[in-house]
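The structure appears right after this line, and notes come after that.
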Amino acid sequence: MSAAEAIKVARDAGIELAIGGDDLVQEARAPPPATVLDLLSRHKAEVVAVLAATAHDNKLLARTPICESVTDSAEGEPGHEQPCASRRGRVQELDGVFLHFCVECGRFGPFGYGVCLRAGQLGRWYCREHRPQGHES
């Protein structure tokens with residue numbers, strides 16, 4: 001089975017897939033079948049590669065600064081994986097990397113809502129912990 005087929009099986013089972021650094025992030029409303037989890041586990045590297053390539057080709061996701069070692073954060077701010085009140089809701093471009101931070105805590109926020117970059121809508125971004133549930137991203 002190919003990675004694309006594994007992704008389709010997971011989505012058909014109600015699993016949302018995303019990339020968190022080098023990890024495959026899975027979310028589902030109900031516990032997914034063990035067979036689907038096993039399938040994703042066996043094809044994890046390929047699934048992550050397909051999701052990353054698709055996002056990059058469609059320019060949907062920026063490179064994640066947590067794993068890419070972006071070091072130009074403002075003086076005195078903690079790393080992007082740490083909360084920071086002064087960063088809450090910030091959206092910026094830094095050396096070609098699009099950075100967006102959780103409106104609740106200031107951590108890097110990979111989950112965007114109300115985003116349409118072509119229309120200039122930067123939207124609201126959330127970390128995994130503060131991501132609104134029951135809404136489409």
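The values are calculated or read from the model by the stated rules, or taken from the named source; none is laboratory data. Given the structure is predicted, the values throughout are model-derived calculations rather than measurements. Heads up, the Cβs are rebuilt from the backbone with ideal geometry, glycines too, and the neighbour counts pull from every protein chain shown. Calculation scope for accessible area: heavy atoms of the full protein, side chains included, ligands and nucleic acids excluded. Shrake-Rupley method; radii C 1.70, N 1.55, O 1.52, S 1.80 Å.
Taking interchain pairs and intrachain pairs at least six residues apart, which have beta carbon atoms under 7 angstrom, with the first residue in segment 83-98 and surrounded by fewer than 10 Cβ atoms within 10 Å (Cβ to Cβ) and the second modelled with pLDDT of 85 or more?
These pairs meet every condition: Ala85/Gly106.
Which condition from (1) modelled with pLDDT under 85; (2) touching a Pro at 6+ places or on another chain (Cβ under 7 Å) is the one that Cys84 breaks?
(1)
Select from segment 103-128 the residues that are open to solvent by 50 Å² or more (accessible area, probe 1.4 Å) and part of a strand (DSSP E or B) and list them in ascending order.
Of everything in segment 103-128, those that are open to solvent by 50 Å² or more (accessible area, probe 1.4 Å) and part of a strand (DSSP E or B) turn out to be Cys116, Gln121, Arg124.
Could you tell me whether Gly14 is of a type outside the set (A, V, I, L, M), touching a Lys or Arg at 6+ places or on another chain (Cβ under 9 Å) and more than 19 Å from Gly112 (Cα to Cα)? Write out each step before concluding.
Details: of a type outside the set (A, V, I, L, M): yes; touching a Lys or Arg at 6+ places or on another chain (Cβ under 9 Å): yes; more than 19 Å from Gly112 (Cα to Cα): yes.
Considered against the rule, which asks whether it is of a type outside the set (A, V, I, L, M), touching a Lys or Arg at 6+ places or on another chain (Cβ under 9 Å) and more than 19 Å from Gly112 (Cα to Cα), Gly14 comes out as yes.
Being modelled with pLDDT under 75 and either more than 30 Å from Gly79 (Cα to Cα) or aliphatic (A, V, I, L, M) (or both) narrows it down to one of Leu60, Leu24, Leu17, Leu37, so name that one.
Leu60
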